[in-house]
Amino acid sequence: MPAPGGDPDTQQYEESNPDNRVRAGFHTAAASDLALDLLDSVRNGDIIAITGDRVTPAIASIEGTLFGKPFRMPSGPFALAMASRAPIFPMFIMRRGRRRYELRTTQPIIVTRTSRNRDEDIRRAAGEWTHHLESAVSAAWQQWLAFEPFYEERSA
């Protein structure tokens, strides 16, 4: 279920053509409905795939550290996992040759409330995620594509 994207033409098309919103098992949601739709989907046993290394406009984010530098990542996957009590399964696909790919998975991340500070619990889980992301990027750095400057210092 893709979050509302940064491309206004695509978003306008999706909103003006509601019959085209469900195709091949993919569902899109309006920004205002996204969190509840995702929670319902998880509770129904659906699998949700969320890109964890990109923050899109109007999507909540949290600051973390990647390779020793601060960066922002979406906080929604961690909040969703906490609310639904569903684990996060980090997964990375590496190209290993012509039409050959390796699917790399890790231990699931369990997002639990350990204190009254919800944000601190989300930061802990986000720290686990960035550890897995660093490992995957280190193993195949040339395959990690960023279509815009990733660190703020590079965007100036």
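The values are calculated or read from the model by the stated rules, or taken from the named source; none is laboratory data. If you're wondering where the values come from, they're calculated on a predicted model, not measured in any experiment. Glycine gets a Cβ as well: all are built from the backbone with ideal geometry, and neighbour counts include every protein chain shown.
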(message) Would you confirm whether or not region 39-58 contains a residue that is in contact with a strand residue (DSSP E or B) (Cβ under 9 Å, 6 or more places away or on another chain), at pLDDT below 70 and within 19 Å of Leu145 (Cβ to Cβ)?
(response) no
(request) Report yes if some residue within region 91-113 is buried (at least 17 other Cβ atoms within 10 Å of the Cβ) and in contact (Cβ under 8 Å) with a residue 40 or more places away in the chain; otherwise report no. (result) yes
(message) Pairs please, first residue from region 35-49 and of a type in the set (A, V, I, L, M), second anywhere and in a loop (DSSP other than H, G, I, E, B), Cβ atoms under 7 Å, 6+ apart in sequence or on different chains.
(response) Leu38/Met1; Leu38/Ile48; Val42/Ile48; Val42/Ala86; Ile48/Met1
(request) Considering only region 60-90, state which residues are buried (at least 16 other Cβ atoms within 10 Å of the Cβ) and either in a loop (DSSP other than H, G, I, E, B) or among the β-branched types (Val, Ile, Thr) (or both). (result) Ile62, Ser75, Ala86, Ile88, Pro90
(request) Among the residues of region 72-105, count how many are over 28 Å from Leu36 (Cβ atoms) and touching an Asp or Glu at 6+ places or on another chain (Cβ under 9 Å). (result) 5
